[in-house]
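For reference, the structure discussed in these notes is given below.
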Amino acid sequence: MNKRILVTGGTGFIGSHTVVELQQKGFDVVIADNLSNSFEEVVDRIAKITGVRPDFEKTELKDASQVNAIFDKYPDIQGVIHFAASKAVGESVQKPLMYYHNNLTSLMNVLDAMLSHNVHHIVFSSSCTVYGQPDKLPVSESSPRKKALSPYGNTKAMCEDIITDVAKVNDMDAILLRYFNPIGAHESGLIGEYPQGVPNNLIPYLTQTAAGIRKCLSVYGNDYNTPDGTGIRDYIHVVDLAKAHVVAIERMLDNKCKSKTEIFNIGTGHGYSVLDIINSFEKVNDIKINYQIVGRREGDIEQVWADTTYANNELGWKAERDLDDMMLTSWNWEKSRIEN
Ligand code: WQD
């Protein structure tokens, strides 16, 4: 009998890649997603990749009765990977209440349903954004969290605290995965990042510029205290990130956790600047990118990359894919997105 995992937000960018990896490790999966920022067709594409169609339930996680109905319908759920959240930094500044309602209420409904249905394990999609601009680099899990620069970032920190407090006094363990910058796509070109409207993030804007959908990529500032003046981030291949979720849920199912809530930085440990990214993309894809240097973007930190020692040694996970592969698969996905 396969173990079943509930993946909320499982038709999204990271969620869909994680469902693929879960299925390929022999898990049964049920996806709960409200499709507010993704498409049900992703379920068919996952089935094309793995040969197994995951169960899919269109679910508004802000509605507790809908969340409970999932757990009633699938009594064999043994763990939850919770991705579902609104995640646009800029939008969260304009619509803070929508972000607090959606990201906090959804999580609390999932936790309530887990407790009432004796489901004891949750992996949570957190973010390096909780560190703000670290005082010391690379940033480790023991680095202090800083006041978030956006309601989006604040909901990530608040969700971490909610989960920690609930796990402390219940038969529940939790693993918080603090992602750095997920990019790239599955080698099949069938799933990838599908931003609605004008992309906020660098890579989709870059690939849409390469595709001629956008005229010119704006590089937000080259006057930072970095080697080439542009912002530095720890970009991680989404497949490596997806694999980290499988390792985390297996750790809990095998009762290997050493505390009720464990935190891991999921990055590569390497920082790349915006110009590094552009140069790498141009080189591996033999394409010229039209870009211009403009002013800094409000709320951006200068530079961050992960100390991954703890995840490598304790979790037994390490990122394997390099920047070239991230650039190749990003472009491959953009081309297949346009063709389909
Ligand atoms: C990366 C770098 C920009 C766009 C955010 C969230 C994080 C996660 C990922 C959800 C920065 C520069 C960007 C552009 C640019 N979100 N840039 N031109 O801001 O590091 O992280 O998205 O989970 O939580 O905080 O990602 O891709 O927007 O920016 O020059 O058109 O690219 O200044 O240096 P960011 P990003």
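The values are calculated or read from the model by the stated rules, or taken from the named source; none is laboratory data. These numbers were taken from a predicted model, which means no experiment stands behind them. Cβ: placed from backbone, ideal geometry, glycine included. Neighbour counts: every protein chain shown. These area figures cover heavy atoms from the full protein model, side chains too; ligands, DNA and RNA do not enter into them. Shrake-Rupley method; radii C 1.70, N 1.55, O 1.52, S 1.80 Å.
Numbers below:
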{"read-out": "Pairs, first under 12 Å from L275 (Cα atoms) in segment 211-231, second at pLDDT below 95 and near the ligand (Cβ under 9 Å from one of its atoms), C-beta under 9 Å, six or more apart", "value": "S218/R297; Y220/R297; Y220/D300; G221/R297; G221/D300; G231/R297; G231/D300; G231/I301"}
{"read-out": "Checking Y99 against (1) open to solvent by 20 Å² or more (accessible area, probe 1.4 Å); (2) among the aromatic types (F, W, Y); (3) closer than 25 Å to V19 by Cβ, the condition it does not meet", "value": "(1)"}
{"read-out": "Sole residue being farther than 22 Å from N34 by Cα, in the same structural domain as I14 (by TED's automatic domain parsing) and touching a residue at least 40 places away in the same chain (Cβ under 8 Å), chosen from Y100, Y131, Y74", "value": "Y131"}
{"read-out": "Failed condition for V93, given (1) in the same structural domain as T59 (by TED's automatic domain parsing); (2) away from the ligand (no atom under 16 Å from the Cβ)", "value": "(2)"}
{"read-out": "Residue within segment 146-158 that is in contact with a strand residue (DSSP E or B) (Cβ under 9 Å, 6 or more places away or on another chain) and either more than 16 Å from the ligand (Cβ to nearest atom) or more than 30 Å from I277 (Cα to Cα) (or both) present", "value": "no"}
{"read-out": "Filtered residues of segment 31-50 (kept if in contact with a strand residue (DSSP E or B) (Cβ under 8 Å, 6 or more places away or on another chain) and surrounded by 23 or more Cβ atoms within 10 Å (Cβ to Cβ))", "value": "I31, A32, D33"}
{"read-out": "Lone unmet requirement of (1) away from the ligand (no atom under 15 Å from the Cβ); (2) open to solvent by less than 50 Å² (accessible area, probe 1.4 Å); (3) in contact with a strand residue (DSSP E or B) (Cβ under 9 Å, 6 or more places away or on another chain) for K168", "value": "(2)"}
{"read-out": "S65 being among the small types (G, A, S) and open to solvent by 40 Å² or more (accessible area, probe 1.4 Å)", "value": "yes"}
{"read-out": "Segment 171-191 - residue that is more than 14 Å from the ligand (Cβ to nearest atom), open to solvent by 10 Å² or more (accessible area, probe 1.4 Å) and not hydrophobic (A, V, I, L, M, F, W, C) and, of those, farthest from Y131 (Cα to Cα)", "value": "S188"}
{"read-out": "Enumeration of residues in segment 113-140 that are among the hydrophobic types (A, V, I, L, M, F, W, C) and either more than 11 Å from the ligand (Cβ to nearest atom) or assigned to a strand (DSSP E or B) (or both)", "value": "A113, M114, L115, V119, I122, V123, F124, L137, V139"}
{"read-out": "Flag if G231 is surrounded by fewer than 22 Cβ atoms within 10 Å (Cβ to Cβ) and not hydrophobic (A, V, I, L, M, F, W, C)", "value": "no"}
{"read-out": "Subset of segment 295-312 (residues that are within 16 Å of the ligand (Cβ to nearest atom) and either touching a helix residue (DSSP H, G or I) at 6+ places or on another chain (Cβ under 8 Å) or basic (K, R) (or both))", "value": "R296, R297, G299, V304, A306"}
{"read-out": "Residues that are more than 11 Å from the ligand (Cβ to nearest atom) and either part of a strand (DSSP E or B) or within 23 Å of E21 (Cβ to Cβ) (or both), drawn from segment 211-240", "value": "H237, V238, V239, D240"}
{"read-out": "Selected residue (criterion: most open to solvent (accessible area, probe 1.4 Å)) from residues of segment 124-153 that are of a type in the set (S, T, N, Q) and out of contact with any Ser or Thr (no Cβ under 8 Å at 6 or more places or on another chain)", "value": "S142"}
{"read-out": "Every residue from segment 51-103 that is touching a strand residue (DSSP E or B) at 6+ places or on another chain (Cβ under 9 Å) and of a type in the set (D, E)", "value": "D55, E57, D76"}
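For every residue, the table says whether it meets (1) without any contact (Cβ under 8 Å) to a residue 60 or more places away in the chain; (2) surrounded by fewer than 18 Cβ atoms within 10 Å (Cβ to Cβ); (3) outside the structural domain of K48 (by TED's automatic domain parsing); (4) not in a helix (DSSP H, G or I).
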site: G197; (1), (2), (3), (4): yes, yes, yes, yes
site: Q208; (1), (2), (3), (4): no, no, yes, no
site: A242; (1), (2), (3), (4): no, no, no, no
site: N255; (1), (2), (3), (4): yes, yes, no, yes
site: I289; (1), (2), (3), (4): no, yes, yes, yes
